[in-house]
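S.K.: Supplied in structure tokens, the structure appears directly below.
The values are calculated or read from the model by the stated rules, or taken from the named source; none is laboratory data. Quantities reported herein were computed from a predicted structural model and do not represent experimental measurements. Quick reminder, even Gly has a Cβ in these numbers, built from the backbone with ideal geometry, and neighbours come from all protein chains shown. Surface accessibility is based on the protein's heavy atoms, side chains included, excluding ligands, DNA and RNA. Shrake-Rupley method; radii C 1.70, N 1.55, O 1.52, S 1.80 Å.
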Amino acid sequence: MDCDNGVGKHNVLPYSDSSCRECEEQQEPPELSPYRVAMGVKAALPRYEIYFYNTVLCLAMLWATSWIFEVSRSNANRKSFKTSVKPGWHYFGRKMETADFEWMMWFSTFREHILFALSGHVLFAKIGSMLAPQYRSLVYMVYGLLAVWTSMGWTYVTLILSHCILLYSISLVKIRWLCFATGLCTLATFKCDPFVSWQAGFVEGDFELRHVLFYGGCGFTIMRCMSFALENCERKDGNYHILELLKYNFYLPFFYFGPIMTFDKFYVQANKSDLTRKEREMWNISLQGLIHLGAVIGVDILFHFMYILTIPNDMKLLRHLSDWALVSLAYFNLVYDWVKAAVMFGVINTVSRLDHLDPPKPPKCITMLYVFAETHFDRGINDWLCKYVYDKLGGKHENVLEELVATLCTFGVTILWLGPCEVVLLWAFFNCFGLNFELWTAKLSSMEPFASFEMEMSEAMSRRIRAFVNTFNFWSIVLFNILALNSLDFAKLVAKRLLLKGFPITTIIVMFMTYCLIQVIKERERRQALVDDPDPLPPAPPPNATTSPTSAPAATAAAQLVADPSKQKAE
């Protein structure tokens, strides 16, 4: 029996009749409370329905893959593909896509250089941890400083040190807004001329990675210095030493490519004296390394069979593709970008875990996303923005006006971090709108009469309706992020085919497949919620409880049934 007491549904068991009377006496109007939302996460669907969703999803993925493979195979020798599709596995007669410079830099062109630098860090870090564990963070700094000096020159190191000293000096004043303003102004000098051209002159040499390492090292340095300055403002007694900032900034695995680890976490973990590992921790680190190696091999195979990055650059070809191929291409582009971020950050995180650090986790897979609040491709930047901007201004994220101000400021900093341009501005606007629209929708659904409607329906039906709404949210996330990953023209073409030209057949079929995907995601979340927060069991009766008069006949009958097996079978 279900009863509603104004804070959600609960099971009224035979031994708790008083709670049912309490509900009848209160007669409060139902409302969608956090308890109800938590119960919605654990709402179960029939097993055959989940099997159906999984079957449809698997067939849809195979279908989408076949479309992309066919387009790649039939256009491998296209003239516009010559710059990004190069000879690959000659023994299979396959060409390889090389359109992603960042991936090729990591795992092909400069693979030996990156591997050599990270291996040297691991070796010196291990020696330092064994000989002088209390000074291991100092060993990290010295090795990182020498590696940056060797790769970029002493003038570049001087430039980085000048920014560190500037922001450290400002942090001594302990005024948050001043530290923030100084950090943003310093970051802006790397986004506009003539400041960026002047600072780029500090880099010696003219090698291929010069610009990548310059912008990566400088950008992440400013963000780390801002984290240090803001944490120093929060410190009550005294100031952090400038040596702590240098240890934090020149940690080599994080220096050029991130991810960003906020100073408060790095300071505690890097200066931890107890270096004992948890049980099976090294096994888990080794397993993660093997998984990343398998992902690298998988992406290499993908580049030989599906040219998902080259095709979107050929608008003439895109206009001749079917609706299914175009929609599949947009989805696979986002999945690949997540895989790239997960592998690149995963390799660095594996090295940092060997140094007894707990780095930011990889981003959440785009396939598992259907809300804007969880959409990010760099969890380090996301954690930084949430800690110092979004949560500071948004509070509990319940007030509409506070949430609007918090999201505007957060995406303002993000625009400056990525570099202001038309595509970034559009991406920020749509994602900011989506984040606020989710809050507006949640507020509206908690009001009457919507709250009463949802309380009257079963939890399974509520889950189906929410999944239907999240289907449109999912494709909003895909289209908005395609802007940043590909181009405005590609995003407009996908939206036109999905919503206008392909309506109603393409739209309905794609949305139905997405609905199945959302239900599979919700089922996974339901199982995880049951593991993290299992439902409480009813209290067991006391062992020496006195038998009540009403329970005596039942006990006598049970004894007779046990004594007479034939009667028990008949019953």
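S.K.: Identify all residues within region 258-309 that are among the aromatic types (Phe, Trp, Tyr) and within 21 Å of the chain's Cα centre (by Cα); write none if there are none. Break it down into steps so the answer makes sense when it comes.
M.R.: We begin by selecting, within region 258-309, every residue among the aromatic types (Phe, Trp, Tyr); these are 263, 266-267, 283, 303, 305, 307.
The answer is Phe263, Phe266.
S.K.: Could I ask something else about it? Of the conditions (1) in contact with a Gly (Cβ under 9 Å, 6 or more places away or on another chain); (2) open to solvent by 60 Å² or more (accessible area, probe 1.4 Å); (3) not aromatic (Phe, Trp, Tyr), Met455 fails just one. Which one is it?
M.R.: (2)
S.K.: Taking the condition of being assigned to a loop (DSSP other than H, G, I, E, B), touching a residue at least 40 places away in the same chain (Cβ under 8 Å) and either out of contact with any Phe, Trp or Tyr (no Cβ under 8 Å at 6 or more places or on another chain) or open to solvent by less than 30 Å² (accessible area, probe 1.4 Å) (or both), how many residues in region 310-340 meet it? Before the answer, list the steps.
M.R.: The first filter runs over region 310-340 and keeps only residues assigned to a loop (DSSP other than H, G, I, E, B), leaving 310, 314, 319-322.
Checking which are touching a residue at least 40 places away in the same chain (Cβ under 8 Å) leaves us with 310, 314, 319, 321-322.
Checking which are either out of contact with any Phe, Trp or Tyr (no Cβ under 8 Å at 6 or more places or on another chain) or open to solvent by less than 30 Å² (accessible area, probe 1.4 Å) (or both) leaves us with 310, 314, 319, 321.
The qualifying residues number 4.
S.K.: Another question about this same structure. Any residue in region 493-511 that is touching a residue at least 60 places away in the same chain (Cβ under 8 Å) sitting within a Cβ distance under 7 Å of a residue that is small (Gly, Ala, Ser)? List the pairs, counting only those 6 or more apart or interchain.
M.R.: Val494/Ala330
S.K.: I'd like the full set of residues that are among the hydrophobic types (A, V, I, L, M, F, W, C) and either part of a helix (DSSP H, G or I) or surrounded by fewer than 16 Cβ atoms within 10 Å (Cβ to Cβ) (or both), limited to region 290-309. Talk me through it step by step, then tell me what you get.
M.R.: Here is the first cut: in region 290-309, the ones among the hydrophobic types (A, V, I, L, M, F, W, C) are 290-291, 293, 295-297, 299, 301-303, 305-306, 308-309.
Leu290, Ile291, Leu293, Ala295, Val296, Ile297, Val299, Ile301, Leu302, Phe303, Phe305 - these are the residues of region 290-309 that are among the hydrophobic types (A, V, I, L, M, F, W, C) and either part of a helix (DSSP H, G or I) or surrounded by fewer than 16 Cβ atoms within 10 Å (Cβ to Cβ) (or both).
This table checks each residue for (1) open to solvent by less than 10 Å² (accessible area, probe 1.4 Å); (2) in the same structural domain as Ile381 (by the TED database); (3) in a loop (DSSP other than H, G, I, E, B).
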{"residue": "Asp193", "(1), (2), (3)": "no, no, yes"}
{"residue": "Glu208", "(1), (2), (3)": "no, no, yes"}
{"residue": "His211", "(1), (2), (3)": "no, no, no"}
{"residue": "Tyr215", "(1), (2), (3)": "no, no, no"}
{"residue": "Phe228", "(1), (2), (3)": "yes, no, no"}
{"residue": "Cys233", "(1), (2), (3)": "no, no, no"}
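S.K.: Let me ask something additional. How many residues are over 21 Å from Glu374 (Cα atoms), free of Cβ contacts under 8 Å to residues at least 40 places away in the same chain and in a helix (DSSP H, G or I) when one looks only at region 457-490?
M.R.: Result for region 457-490: 1.
S.K.: Find the residue count for region 367-400, including only residues that are buried (at least 18 other Cβ atoms within 10 Å of the Cβ), over 20 Å from Val478 (Cβ atoms) and touching a residue at least 24 places away in the same chain (Cβ under 8 Å).
M.R.: 7
S.K.: So which residues in region 249-280 are of a type in the set (D, E, K, R) and at pLDDT 90 or above, if there are any at all? Give the derivation first.
M.R.: Within region 249-280, the subset of a type in the set (D, E, K, R) is 264-265, 272, 274, 277-280.
If the condition is that a residue be of a type in the set (D, E, K, R) and at pLDDT 90 or above, then Asp264, Lys265 are the ones that fit.
S.K.: If Ser273 satisfies all but one of (1) open to solvent by 50 Å² or more (accessible area, probe 1.4 Å); (2) part of a helix (DSSP H, G or I); (3) more than 21 Å from Leu167 (Cα to Cα), what's the number of the condition it fails?
M.R.: (2)
S.K.: Further, regarding this structure: Here are Asn470, Asn481: which of them is open to solvent by less than 10 Å² (accessible area, probe 1.4 Å) and either farther than 30 Å from Trp427 by Cα or not hydrophobic (A, V, I, L, M, F, W, C) (or both)? Walk me through it before giving the result.
M.R.: Details: Asn470 fails: open to solvent by less than 10 Å² (accessible area, probe 1.4 Å).
Within the list Asn470, Asn481, the selection yields Asn481.
S.K.: Still on this structure, please answer the following. Specify which of the listed residues (Tyr168, Tyr135, Tyr156) is crowded, with 18+ Cβ neighbours inside 10 Å and at pLDDT below 95.
M.R.: Values: Tyr168 fails: at pLDDT below 95; Tyr135 fails: crowded, with 18+ Cβ neighbours inside 10 Å.
Selected residue: Tyr156, the only one of Tyr168, Tyr135, Tyr156 that is crowded, with 18+ Cβ neighbours inside 10 Å and at pLDDT below 95.
S.K.: Now for a separate question. Suppose we filter region 431-446 for residues that are of a type in the set (Gly, Ala, Ser), in contact (Cβ under 8 Å) with a residue 24 or more places away in the chain and in a helix (DSSP H, G or I); how many remain?
M.R.: Within region 431-446, residues that are of a type in the set (Gly, Ala, Ser), in contact (Cβ under 8 Å) with a residue 24 or more places away in the chain and in a helix (DSSP H, G or I) number 2.
S.K.: Looking at Gly258, Gly219, which is the one that is open to solvent by less than 40 Å² (accessible area, probe 1.4 Å), of a type outside the set (Phe, Trp, Tyr) and part of a helix (DSSP H, G or I)? Walk me through it before giving the result.
M.R.: Details: Gly258 fails: part of a helix (DSSP H, G or I).
So the residue among Gly258, Gly219 that is open to solvent by less than 40 Å² (accessible area, probe 1.4 Å), of a type outside the set (Phe, Trp, Tyr) and part of a helix (DSSP H, G or I) is Gly219.
S.K.: Hey, another quick one. Tell me which residues, restricted to region 401-423, are open to solvent by less than 20 Å² (accessible area, probe 1.4 Å) and touching a residue at least 40 places away in the same chain (Cβ under 8 Å).
M.R.: Val413, Gly419
S.K.: Can you tell me which residue is most open to solvent (accessible area, probe 1.4 Å) among those in region 488-512 that are out of contact with any Asp or Glu (no Cβ under 6 Å at 6 or more places or on another chain) and closer than 11 Å to Leu326 by Cα?
M.R.: Our first condition is that a residue be out of contact with any Asp or Glu (no Cβ under 6 Å at 6 or more places or on another chain); within region 488-512, this holds for 488-496, 498-501, 503-505, 507-512.
If we keep only those that are closer than 11 Å to Leu326 by Cα too, we end up with 490-491, 493-496, 498.
On the way: Phe490: 0, Ala491: 10, Leu493: 26, Val494: 2, Ala495: 28, Lys496: 115, Leu498: 1 Å².
Selected residue: Lys496.
S.K.: From (1) open to solvent by less than 40 Å² (accessible area, probe 1.4 Å); (2) farther than 23 Å from Leu485 by Cβ, pick out the condition that doesn't hold for Trp440.
M.R.: Failing condition for Trp440: (1).
S.K.: I'm trying to understand the selection: among the residues of region 91-109, which are open to solvent by 30 Å² or more (accessible area, probe 1.4 Å) and in contact with a Leu (Cβ under 7 Å, 6 or more places away or on another chain)?
M.R.: Selection gives Ala99 alone.
S.K.: List the helices (runs of 4 or more DSSP H) that sit entirely inside region 97-182 and contain at least 3 residues that are more than 18 Å from Phe254 (Cβ to Cβ).
M.R.: Working: elements: 101-104, 111-131, 136-152, 154-171.
Those helices (runs of 4 or more DSSP H) span 101-104, 111-131, 154-171.
S.K.: Using beta carbons and a limit of 8 Å, which pairs, at least six apart or on different chains, have the first residue in region 78-92 and among the hydroxyl-bearing types (Ser, Thr, Tyr) and the second one open to solvent by 50 Å² or more (accessible area, probe 1.4 Å) and at pLDDT 85 or above?
M.R.: Cβ pairs passing all conditions: Ser80/Asn313; Ser80/Lys316; Ser84/Asn313.
S.K.: For the subset of region 58-85 comprising residues that are aliphatic (A, V, I, L, M) and either crowded, with 17+ Cβ neighbours inside 10 Å or not assigned by the TED database to the domain that holds Ala330 (or both), which member is modelled with the lowest pLDDT?
M.R.: Val85
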